[in-house]
Amino acid sequence: MPEAGIILTILEYMATLFIFVVGLVVLAIIITYFVDISQNKQAIRRNYPVIGHFRYLFEDLGKFFRQYFFAMDREELPFNRAERSWVYQAAKNLDTTRAFGSTRSLKEDGTIIFVNCPFPVLGEDATPISKLSIGPYCRKPYTTDSLFNISGMSYGAISKPAVLALANGARLAGCWMNTGEGGLSPYHLEGGCDLVFQIGTAKYGVRNAAGMLDEEKLKQVASHERVRMFELKLSQGAKPGKGGILPGEKVTPEIAAIRGIPAGEASISPNRHPDIDNVNELLDAVHQIRSVTDKPVGVKFVLGAYGWLEGFCEAILQRGIESAPDFITLDSADGGTGAAPMSLMDYMGLPLSESLPMLVAILKKHGLKDRIRVIASGKLITPADAAWALCEGADFIVSARGFMFSLGCIQALQCNHNTCPTGITTHNPRLQKGLDPNLKSTRVENYARNMMHEIGVIAHSCGVREPRQLRPFHARVITDGKSVSLADLHKIS
């Protein structure tokens, strides 16, 4: 039969193809064997040719297997599965409730517990989040009721569709977005949200040829109505004491033009502002930016050495209270989305749990807490994290990685390369196409709104009408096996 002949021909072709493929595999194994035994750079490959390669494969795959199969829900770092799952569900507007009891240990030192009121606030008695004004001595102060906002992630560190999704989501949710140190891109403006323009140590977007502040470029940025505030970054959570790092493969011609640097070359920021070497020069810089822009100006840093804060506050009082920065964004040593040396990421700076109450106490001591708004940053991605920061005295909360999770980040730990599988931190068009800005902007909005809702749930359970009324005595922390009120622990009210 003709059909039988055709089938036989196909089978013969497949057999030939199989033998050819097997031959290629065998040839590859033989070549690999001789390459391995003749090289002397890697002992494993030399002593165990061919099979030694599996060691490196398993080492690379290990972190992914641990994340999905072996790590317990609350033991993984930097963010565990329980935290990520809550953000994913909140971003998709799914049910975030749990059953059969908490999997969170209440015995370990550092564990936060909120104290519920015997007569919590009824839903109908709750009040909207109160508005706060930033920059009372500016010609254009910023007044907002937005409590939870998007922290600094530059265009360059994250992709065009990611910026669009975040900016549009921020507008829908009514929160602000920090541009990060990479300058103001068209995609920030296209989203239509309120923006905080960050000035990093390289002054990208507002720099002259020598890398110093260009007042004309600064005026141009300030002319955009949606740019509400300016943030002078001294340091960030990923790498306190070192400037931003953007690999050359991520410096596209467009990003280079926005930043004012050569395309294709690594973008390495100085580890500090060359023109700021003490508290007086810092206050001079704040005054200069505020005078040029007429808008609120704050500073961002990770607290490590803290003795300088006393001199900083004293210098403000000597100059006049109007000379103070309008806000301080306090980042945590365990914060940061960017590329960083492990020596700094793992060991440099104080965590927010220690630095936030310290900063608030020093500002109160000098009578500056109401003048300088405190913005808390660093791993605050769940409602409980944010509510704790409010109890400690923060006025606003910002998050970068929480909003990255809302975009679909899977914690692949490839932010410092151009290979992000979700399209968030890559400029590879093939990978970017998986990130739909329209769909993801809705998830950004959902995440922000659900965060605000559940922060409110905690506040009402503590007996206050809105989150800004949370105080240190509303939370306790496990210390030496017993809970201690934050008010008693830090001696603050």
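I need the full set of residues from region 152-176 which are among the polar types (S, T, N, Q) and modelled with pLDDT under 95, in order please.
Scanning region 152-176 gives S154, S159.
Of the numbered conditions (1) modelled with pLDDT of 95 or more; (2) assigned to a loop (DSSP other than H, G, I, E, B); (3) closer than 30 Å to E249 by Cβ, A339 satisfies every one except a single condition; which is it?
It is condition (1) that A339 fails.
Within region 174-220, take every residue that is among the small types (G, A, S) and buried (at least 20 other Cβ atoms within 10 Å of the Cβ) and give me the one that is nearest to P274 (Cα to Cα).
A202
Among the numbered criteria (1) on the phi < 0 side of the Ramachandran plot; (2) in the same structural domain as A386 (by TED's automatic domain parsing), which single criterion is violated by G183?
(1)
From the list R430, R465, which one is more than 23 Å from the chain's Cα centre (by Cα), over 25 Å from L352 (Cβ atoms) and assigned to a loop (DSSP other than H, G, I, E, B)?
After applying the criteria, what remains is R465.
So, in region 222-246, exactly how many residues are at pLDDT 90 or above and either within 24 Å of A305 (Cα to Cα) or not assigned by TED's automatic domain parsing to the domain that holds D346 (or both)?
Summing the residues that are at pLDDT 90 or above and either within 24 Å of A305 (Cα to Cα) or not assigned by TED's automatic domain parsing to the domain that holds D346 (or both) in region 222-246 gives 4.
Hey, can you tell me all the residues within region 390-422 that are more than 16 Å from the chain's Cα centre (by Cα) and not polar (S, T, N, Q)?
Hits for region 390-422 are L390, C391, E392, G393, A394, D395, H417, P421.
So how many residues does region 371-392 have that are among the hydroxyl-bearing types (S, T, Y) and out of contact with any strand residue (DSSP E or B) (no Cβ under 7 Å at 6 or more places or on another chain)?
Within region 371-392, residues that are among the hydroxyl-bearing types (S, T, Y) and out of contact with any strand residue (DSSP E or B) (no Cβ under 7 Å at 6 or more places or on another chain) number 1.
Go through region 203-244 and report how many residues are among the β-branched types (V, I, T) and out of contact with any Asp or Glu (no Cβ under 9 Å at 6 or more places or on another chain).
Within region 203-244, residues that are among the β-branched types (V, I, T) and out of contact with any Asp or Glu (no Cβ under 9 Å at 6 or more places or on another chain) number 1.
Only one of these is without any contact (Cβ under 8 Å) to a residue 24 or more places away in the chain and either in the same structural domain as V360 (by TED's automatic domain parsing) or not in a loop (DSSP other than H, G, I, E, B) (or both): E249, E314, E281, E310. Name it.
Within the list E249, E314, E281, E310, the selection yields E281.
Quick one: L359 ticks every box in (1) without any contact (Cβ under 8 Å) to a residue 40 or more places away in the chain; (2) buried (at least 24 other Cβ atoms within 10 Å of the Cβ) except a single one, so which number is it?
(1)
Scan (1) at pLDDT below 80; (2) more than 18 Å from T32 (Cβ to Cβ); (3) polar (S, T, N, Q) for the single condition Q42 breaks and write down its number.
(2)
Given the condition of a type in the set (F, W, Y) and modelled with pLDDT under 95, answer yes or no: does some residue in region 443-451 qualify?
So far as region 443-451 goes, no, none of its residues is of a type in the set (F, W, Y) and modelled with pLDDT under 95.
Regarding T143, is this residue under 14 Å from W176 (Cα atoms), surrounded by fewer than 13 Cβ atoms within 10 Å (Cβ to Cβ) and either more than 18 Å from the chain's Cα centre (by Cα) or at pLDDT 95 or above (or both)?
Yes; evaluated as a whole, the condition is true for this residue.
Tally up the residues in region 272-327 that are at positive phi and buried (at least 20 other Cβ atoms within 10 Å of the Cβ), please.
Result for region 272-327: 0.
Mind checking whether some residue in region 418-426 is in contact (Cβ under 8 Å) with a residue 60 or more places away in the chain and surrounded by fewer than 20 Cβ atoms within 10 Å (Cβ to Cβ)?
Yes, the conditions are met somewhere in region 418-426.
For region 240-273, how many residues are among the aliphatic types (A, V, I, L, M), more than 15 Å from R207 (Cα to Cα) and under 22 Å from the mean Cα position of the chain (by Cα)?
The number of residues fulfilling the criteria is 4.
Which condition number does A387 fail, the rest of (1) farther than 28 Å from L164 by Cβ; (2) surrounded by 20 or more Cβ atoms within 10 Å (Cβ to Cβ); (3) in contact with a Cys (Cβ under 7 Å, 6 or more places away or on another chain) being met?
Every condition holds for A387 apart from (3).
Could you count how many residues in region 433-455 are farther than 30 Å from S105 by Cβ, among the aliphatic types (A, V, I, L, M) and crowded, with 18+ Cβ neighbours inside 10 Å?
Of the residues in region 433-455, 2 are farther than 30 Å from S105 by Cβ, among the aliphatic types (A, V, I, L, M) and crowded, with 18+ Cβ neighbours inside 10 Å.
From the set of residues in region 456-476 that are crowded, with 19+ Cβ neighbours inside 10 Å and among the aliphatic types (A, V, I, L, M), which is nearest to A394 (Cα to Cα)?
Checking each candidate, the answer is L470.
Please work out if D334 is of a type in the set (D, E), more than 28 Å from the chain's Cα centre (by Cα) and either over 19 Å from L363 (Cβ atoms) or buried (at least 22 other Cβ atoms within 10 Å of the Cβ) (or both).
For D334, the condition - of a type in the set (D, E), more than 28 Å from the chain's Cα centre (by Cα) and either over 19 Å from L363 (Cβ atoms) or buried (at least 22 other Cβ atoms within 10 Å of the Cβ) (or both) - is not met.
The values are calculated or read from the model by the stated rules, or taken from the named source; none is laboratory data. Just so it is clear, the model here is predicted, and its values are computed rather than measured. We place every Cβ from the backbone using ideal geometry, glycine too, and count neighbours over all the protein chains shown.
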